[in-house]
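Enquirer: I am attaching a structure below and will ask some questions about it afterwards.
Throughout, read-outs are computed from the coordinates displayed, never taken from laboratory work. Since this is a predicted model, take the numbers as computed values, not measurements. Backbone-built Cβ (ideal geometry, glycine too); neighbour counts: all protein chains shown.
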Amino acid sequence: MGVTDSPFIQACYGRNKGRIPVWIMRQAGRYLPEYRAVREKASFVEVCRTPELIAEVVRQPVVRFGLDAAILFSDILTMLTPMGLPFEFPEGGPRVADPIRTPEDVERLVEVDPEKDLGFVLEGIRAIKKILPDTPLIGFAGSPFTLACYMIEGMGSKSFDKPRRFLHEFPDAGDRLIAHLARNIGRYLKAQIEAGVDAVQLFDSWGGMLSREGYFRWSALPAQKIFETARIAGVPRILFVNNITPYLDMIRDIDCEVVSIDFRADLSHCSEKLPGKSIQGNLDPSVLFGSLRDVVTRTTRILGSIENHDRFIFNLGHGIQPQTPLESVSAVVEAVHNYR
Ligand code: 1CP
């Protein structure tokens, strides 16, 4: 079976008649012993910059669990360095050396040339395609607002007060920052498609913190722009929004094939509000720490809440957590694959 006929790509277009596809956000990562073995020898940033290591860690969860899609191994922050904002990844999360503080800092941002500046990512995609030619490969980028969060805050945060304040204190510079990001992210996703990815996902991890008005201006409109640039026949576009429920009416109007739903949301309510779109989601990642019986019950409950299984992709409602038991992941995959 080729990639085009795969349950994952077929489900993205709402015409899957095969098994229900499943993949897991952050499926390559620290919960896997074979990933930790690679990380003994190379830092996270080194893995991200080495095409052979990228291909190896992408393959690991696909082979171990029999997942229906692979996702590029990189990070949403990889784009920051060529924009002129280098960062490091010490234990405890990312640190941007010199975060954006003033409108002048926005003017200094550099345009990214994906082939020249992020060639190692594109080489990684080509290396993955060599070893996993029949598995759909998902490319990705962070959303403009999510990247702006790290560029202004300089690190992770529970509330990202600095970026939310910046956009109101300096509205013109804020709009220029978001426009700069949308243009460069669109171009980067297009380059990933040209290098061989079969679908793209935009991670709007923090847009769900915005007011409805803020979401429209700094997340929905830029997402529309990005998906226009990354619109290539046969390559589905997936939008993930963490805390999606307040914005469903705006997301309905965004030109993309699949919407990925966070674990707080009611899946059948979301799919009702998003006619014509395929749906991905939305098991709470913390459920995987419960009993196997509970894992299977909750997985089956999600599957049962879906009306049209031809346009459904099973996933977690956010990234898998580092200490997640491997048996739980196997149980989810088995329950999804046995459902029909
Ligand atoms: O120590 C390690 O090995 C690093 C852990 C790790 C991994 C495996 C990080 C640090 N990033 C990644 C890879 C990654 N990140 C992928 C590809 C792997 C896969 O999905 O299988 C993807 C898609 C991401 C995306 C990403 N990075 C997001 C969006 C998704 C989400 O979960 O909301 C975000 C917000 C990041 C930033 C980031 N990278 C890593 C960490 C710990 C963080 C969060 C920082 C914070 O806010 O505290």
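Enquirer: Report the per residue volume, in Å³, of the convex hull enclosing the C-alpha atoms of segment 7-337.
Expert: 117
Enquirer: Also, quick follow-up: How much length would be gained if the chain were fully extended between THR245 and ALA37, taking 0.36 nm per residue of separation minus their Cα-Cα distance, in nm to one decimal?
Expert: Computed gain between THR245 and ALA37 is 71.0 nm.
Enquirer: Find the centroid of the Cα atoms in segment 264-314 and in segment 82-144, then give the distance between the two in whole Å.
Expert: One Cα centre to the other: 30 Å.
Enquirer: Using the Cα centre as the reference, give the magnitude of the dipole from point charges on the C-beta atoms of the chain (Lys, Arg: +1; Asp, Glu: -1; all else neutral), rounded to the nearest 20 debye.
Expert: Here the chain has a charge dipole of around 580 debye.
Enquirer: Using Cα-Cα distances under 8 Å and only pairs 6 or more residues apart, what relative contact order does the chain have, in percent? It would help to have the intermediate numbers written out before the result.
Expert: Values: 642 pairs, mean separation 73.5, N = 340.
It comes to 22 percent, rounded to a whole number.
Enquirer: Taking a quarter of the surface of the convex hull around the Cα atoms of segment 237-340, what do you get in nm²?
Expert: 6.3
Enquirer: For the residue pair ASP134 and ASP284, what label-to-label distance in nm results when each label sits 7 Å from Cα along the Cα-to-beta-carbon direction?
Expert: 3.8
Enquirer: Follow-up. With runs of 4+ DSSP H residues as the only contributors, calculate the mean residue ellipticity of the chain at 222 nm using -39,500 (n - 2.57) per run, divided by the residue total and rounded to the nearest 500. Kindly include the intermediate steps, with their values, before the conclusion.
Expert: Working: 16 runs with 152 residues, N = 340.
Helix contribution divided over all residues of the chain: -13000 deg cm²/dmol.
Enquirer: Quote the FRET efficiency, to the nearest 0.05, computed for LYS162 versus GLN321 with a Förster distance R0 of 35 Å and r equal to the Cβ-Cβ distance. Let's see the in-between values first.
Expert: On the way: r = 26 Å, r/R0 = 0.75.
Taking R0 as 35 Å, the efficiency between LYS162 and GLN321 is 0.85.
Enquirer: A follow-up question, please. When the chain is fully extended, how far beyond the present Cα-Cα distance does ASP113 get from GLU213, taking 0.36 nm per residue of separation?
Expert: So the chain would gain 32.8 nm between ASP113 and GLU213.
Enquirer: Another question, if that's okay. If each of ARG264 and THR297 carries a label point 7 Å out from its Cα toward its Cβ, how far apart are those two points in nm?
Expert: Here the modelled spin labels are 2.5 nm apart.
Enquirer: If you filter segment 233-340 for GluC sites (Glu not before Pro), then keep DSSP loop positions with at most 13 other Cβ within 10 Å, what is left?
Expert: GLU307
Enquirer: How much of the DSSP bridge set in the chain is antiparallel, in percent, rounded to the nearest 5?
Expert: About 10 percent, rounded to the nearest 5.
Enquirer: In what sequence, highest mean first, do 297-306, 198-207 appear when ranked by Cβ atoms within 10 angstrom?
Expert: Averaged packing, sorted descending, gives the order 198-207, 297-306.
Enquirer: Still on this structure, I have one more. Take the chain, connect every pair of alpha-carbon atoms lying under 10 Å apart with a spring to form a Gaussian network, then pick out the residue of LYS116, LYS41, LYS158 with the largest mean-square fluctuation.
Expert: LYS158
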